[in-house]
1. For segment 186-201, give me the residue count where each residue is at pLDDT 90 or above, assigned to a helix (DSSP H, G or I) and surrounded by 13 or more Cβ atoms within 10 Å (Cβ to Cβ).
2. Of everything in segment 95-132, what is over 17 Å from L175 (Cα atoms) and not in a helix (DSSP H, G or I)? Give them in sequence order.
3. I'm trying to understand the selection: among the residues of segment 182-228, which are closer than 19 Å to A272 by Cα and of a type in the set (A, V, I, L, M)?
4. Can you go through V143, V148 and tell me which one is among the β-branched types (V, I, T) and surrounded by 21 or more Cβ atoms within 10 Å (Cβ to Cβ)?
5. Kindly list, by first and then second residue, each pair from a residue in segment 290-312 that is under 14 Å from L244 (Cβ atoms) to a residue that is surrounded by fewer than 24 Cβ atoms within 10 Å (Cβ to Cβ) and modelled with pLDDT of 95 or more, limited to pairs with Cβ atoms under 6 Å and residues at least 6 apart or on different chains.
6. Show me the helices (runs of 4 or more DSSP H) found entirely inside segment 203-317 where at least 1 residues are modelled with pLDDT of 85 or more and surrounded by fewer than 19 Cβ atoms within 10 Å (Cβ to Cβ).
7. Which members of segment 1-28 meet the condition of being surrounded by fewer than 16 Cβ atoms within 10 Å (Cβ to Cβ), modelled with pLDDT under 90 and not hydrophobic (A, V, I, L, M, F, W, C)?
Amino acid sequence: MFQNLVFSLNGVFPIFFMTAVGYLLRRFKFVDGKYVDQTSGYAFKFVMPVMLFMTMYNSDFSNAVNLNLVLIAYGTTLIMCFLMWWLAPKFIKDRGAQGAFIHGTFRNNYVVIGLSMTIALFGEAAGAKSAFILSCTMPLYSVLGVWVLVTHAEGTGVKRASIGHTLKSIVLNPLFIGTMAGLLFVIFGLKLPTFAEKSLDMLNKMGTPLVLLLAGASLDFSHFKKQWKLSLSASVIKTIVTPLIFLPAAYLLGLRGEDLGVIFLFLASPTAINTFLMAKNMGNDAELATDIVMVSTLIAFVFIFIGCFVLRTVGLI
C-alpha cells in the first residue's frame, strides 16, 4: 500500500511542484505576462518540438505503436466533442460560452502534463507511446477545435478558417513536425551526429521544467467567480467523468499495465492551455476558456494521484 502511494507521488508531485512554482513566480511578480507570453511562444515553437522529437528518437518504435491506444484516444475525443456539442446548448445560452465549454471538455494538455507524468511514472518507452498518440490526435484536435470555435463564434470580424488553412495549420504545427520527424528517424534508422544529439538532448532535458513553469505562470484566478459553475462543470467532465467512462473501455480492449497507465493519463489530463488563445482569436468566450484551463489543471493533479494509486493497488498498472 505504501509503495503504491509513493509510486503515485513520484509521478504527480514533481509535476505539481513545478507548476505551482510557475504560478508563484507570476503571482509575486518575478515574471510578468509579457515574459510568459514570449517564452511560451519560444517553448511551443522550439523546445517542445525538440522534446517530442527526442522522445521518439530515443525510443524503440516497435513497442511504441499500439492501435488500441489510438482507438481509445480517437473514440474518446470524437464522442466527447459531439456529446458536448449536443448538450451544451441545453444549459448554456451564449454561443461563445458554448464553444469554449465544448472545446474545454475534449481537448487536453497531454503534451505538457500527461507526457511529463507518463515519463515520470513509466519511463521513456512509455513516453514514446504518448508521443505516438499525440502525433495521431493532433490533427484531430486541430480540425475539431477550429470547427467548434468557428461555428460558435460571436460578433463580426472573427477569424474564419478554410479547410486549406486548417490543413496547413496542422502540417506546420511545430509539435506535429517534431513528432513526425522523430518517427521518420526511427523508421528509417537514421542517426544524428554526436554533437547534434548531445545538443538536442540538453534542450530536451530543459524542456519539461520550462513548460511546466510556463503552465503554472499562465494560470489566472482573477475572474473565476464570474462563471465558476460552467468552468467547474467542464473541468469535472474533462478530468473525472471522461476517464471514468472510457477507462473501462480501454480495459475491455485488453490494455493493461503501462498501456493502461498511458491511456489513463491521456484521459485525465487537464484542458489544453491553447484553448484560451484559440477562443480569444476566434470570437468565443476567452475568460471561460481560461477558467476551464485553471480549474481542470487543479482537479487533474488530485484525480490523477488518486487514480494512479487505485490502479496500482488493484494491479492494473
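The values are calculated or read from the model by the stated rules, or taken from the named source; none is laboratory data. Computed from a predicted structure; not experimentally measured. Because the Cβ atoms are built from the backbone with ideal geometry, glycine has one as well, and the counts that use them run over all protein chains shown.
1. 4
2. Correct list: G123 only.
3. Correct list: L210, V211, L212, L213, L214, A215, A217, L219.
4. On the way: V143 fails: surrounded by 21 or more Cβ atoms within 10 Å (Cβ to Cβ).
On inspection, the qualifying residue turns out to be V148.
5. F303/I240
6. Working: elements: 228-236, 242-252, 257-268, 274-281, 286-313.
The helices (runs of 4 or more DSSP H) meeting that bar are 228-236, 242-252, 257-268, 286-313.
7. If the condition is that a residue be surrounded by fewer than 16 Cβ atoms within 10 Å (Cβ to Cβ), modelled with pLDDT under 90 and not hydrophobic (A, V, I, L, M, F, W, C), then Q3, N10 are the ones that fit.
This table checks each residue for (1) modelled with pLDDT of 85 or more; (2) under 18 Å from the mean Cα position of the chain (by Cα); (3) under 18 Å from L267 (Cα atoms).
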| site | (1), (2), (3) |
| --- | --- |
| F82 | yes, no, yes |
| L87 | yes, no, no |
| K129 | yes, yes, yes |
| F132 | no, yes, yes |
| L140 | yes, yes, yes |
